[in-house]
Amino acid sequence: MPSINFKGKALVQNFHLLVPYHELKPVKSKSLTSKVSLHDNLVVHGDNLQALKSLLPYYHGKVKCIYVDPPYNTGNEGWVYNDNVSSPMIQEWLGKVVDREDLTRHDKWLCMMMPRLRLLRDLLNDEGIIGISIDENEFSNLITLCDEIFGENNLFGVIVVRNNPRGRRLGTEFAVEHEYLVVYARARERFTAGRLPLTDEQLQEYSEVGAGGRRYRLLGLRKRGALSRREDRPNLYYPLYAHPKTGKVYLENDKNLVKILPRLSDGADGVWRWSKSKVRDENEKLIAKEVRRRGSGDKELDIFELDYAEDEVGEVVTRLFPSIWQGSEFNNETGRDQIKELFDGKSVFDNPKPVDLIKHFLLLGGGQDGIVLDPTAGSGTTAQAVLELNNSDSGARRFVLIEQEAYADSITAERVRRVINTLPNANPKLGRSFSVVEVGHPMRLETLLKADKLPSFEDLASYIFYTATGEDFEAQRINRKTYFIGESAQFDVYLMYEPDLDYLKSTALTLDIARRLPKGSGKKRLVFAPTKYLDSIHLDEYRIEFCQLPFEIYKAVKRTA
Ligand SMILES: C[S@@+](CC[C@H](N)C(=O)[O-])C[C@H]1O[C@@H](n2cnc3c(N)ncnc32)[C@H](O)[C@@H]1O
């Protein structure tokens, strides 16, 4: 398989593994919920490489659809390479705007994309897809990079999006009217693409009504167009027989039947579209009807397929997604108008995508639930698409947006607030809440161990609870006597800890303590303690998952001893 080469590749190849986990700090004041949680709709403020890495413990293999709208590297976006890779060459790149004259601009872009795409792949579930918007500046690089990361067999398709019908010159002799949406599946064989309903125009073709009120249209059984001559497909040239009154079609002759051969309009031998076995198996869908022969005007029998608009249970037949997405709903201008409408007529964001582009992508992704991740959220169009789709099809999709700029609150989160306000209350699954978290310091326990002091019980409880469950910590729920520090959606959490060296040296989770733990909610118990004297049979019996207190505590203990 061809692979891509670029300056810095060796340095960023495994950089995603070196990126430290960072704190994801709940910001209650900017959230729209009483309980900030990483399992809510989410707006993450911070660099997406750090954010993706930090979300990994909670979202690994769980995301259904990822939509990415990265810098296109046009040379005039003010894009800056900013990953702190430890190499003199890359350190040289930091903080400098990448313009068209920059001879390493493609290398920088690829160095930025590679570790992010690797993390995004880890986040996808087996049935998931990723769609990346791009234009001709990095199109070919993106495809080769994604082939390497996702596997070329997992390329689901390249969609041409006609986003600018007026055309841009872009230094070419074309008026460029389109860009691309490149779609890869996590595992092509596990992905089932969504389908679209027939258009009104297509439905109008189904003008006949059959048994049970099902609409249908008649499609000639004779093949038209390319490869329609007898010599092209000799096995599809065979006679069929029809009853002139009932219109029933047979493979075998009978004395009252009329023989019908596939004839081209020029009188030459043609072919049928169906094999003999299909004619036998789906015979009830065929009918012979009288038509006028071209030229002479004489009447003759021809054979048609009854093509239904609804299946037996009344569901309207669907169609595949087309490979060109066009219409005013996909125009850049529509995207700009949609955000203006939400922000009192003001243009608060330069290049928002049209909401329907993302809705269409989510429908292609299939299903009505699942997590939708957008690591380059910008104005938050993806959240609007998720909320509006949930509203229209009673879906339960959830969004996770990441944005690094200061407008993560004033535009990204604000758009979500405004969209939620416009939607009716009717659908309980809609998810009218969202949590805001900020990417904080790298998650090293040393940051808690200020000045070589052991952390207080509350500080450690908060760190441990949030890190282990991804849910907001509520200090008032602590019960020091029973070790209880909080309840998450999955666990009751306990912490055996005191900021005291002798206590840490002498404390262990024992059978006696396990027996005395409160009954709690009946969920599994996460018990953090310096050590345990308990075998796995008893741990199971008392629904305990034991977590040894982080090693860094002991390093601090040694320093303070
Ligand atoms: C082209 S815009 C996305 C627009 C978005 N699709 C919309 O409809 O509003 C790209 C966004 O990605 C953000 N971005 C770029 N690099 C990022 C990074 N390393 N971490 C987080 N956000 C980033 C930019 O700040 C910008 O808002």
Of the residues in the stretch 284-337, those that are among the basic types (Lys, Arg), away from the ligand (no atom under 16 Å from the Cβ) and surrounded by 16 or more Cβ atoms within 10 Å (Cβ to Cβ) come to Lys285
Out of (1) within 23 Å of Asp409 (Cα to Cα); (2) within 13 Å of the ligand (Cβ to nearest atom); (3) within 22 Å of the chain's Cα centre (by Cα); (4) not aliphatic (A, V, I, L, M), the one Asn41 does not meet is (2)
Scanning the stretch 53-78 for residues that are polar (S, T, N, Q) and touching a Leu at 6+ places or on another chain (Cβ under 8 Å) gives Ser54
When every residue in the stretch 375-427 that is over 15 Å from the mean Cα position of the chain (by Cα) and of a type in the set (Ser, Thr, Tyr) is compared, the one farthest from the ligand (Cβ to nearest atom) is Ser394
When Cys65 is run through (1) under 19 Å from the mean Cα position of the chain (by Cα); (2) near the ligand (Cβ under 9 Å from one of its atoms), the failure sits at (2)
> Within the stretch 122-136, is there a residue that is over 22 Å from the mean Cα position of the chain (by Cα) and modelled with pLDDT under 95?
Replying inline: yes
Within the stretch 5-38, of all residues that are within 14 Å of Pro115 (Cβ to Cβ) and β-branched (Val, Ile, Thr), the one surrounded by the most Cβ atoms within 10 Å (Cβ to Cβ) is Val12
Gly167 passes all but one of the listed conditions (1) within 15 Å of the ligand (Cβ to nearest atom); (2) free of Cβ contacts under 8 Å to residues at least 24 places away in the same chain; the exception is number (1)
Listed by range, helices (runs of 4 or more DSSP H) wholly within the stretch 325-425 having at least 1 residues that are in contact with a strand residue (DSSP E or B) (Cβ under 8 Å, 6 or more places away or on another chain) and under 22 Å from Asn164 (Cβ atoms) are 355-365, 381-393
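The values are calculated or read from the model by the stated rules, or taken from the named source; none is laboratory data. Keep in mind that this is a model prediction, so the values were computed, not measured. Cβ sites come from the backbone with ideal geometry, for glycine too, and all protein chains shown count toward neighbours.
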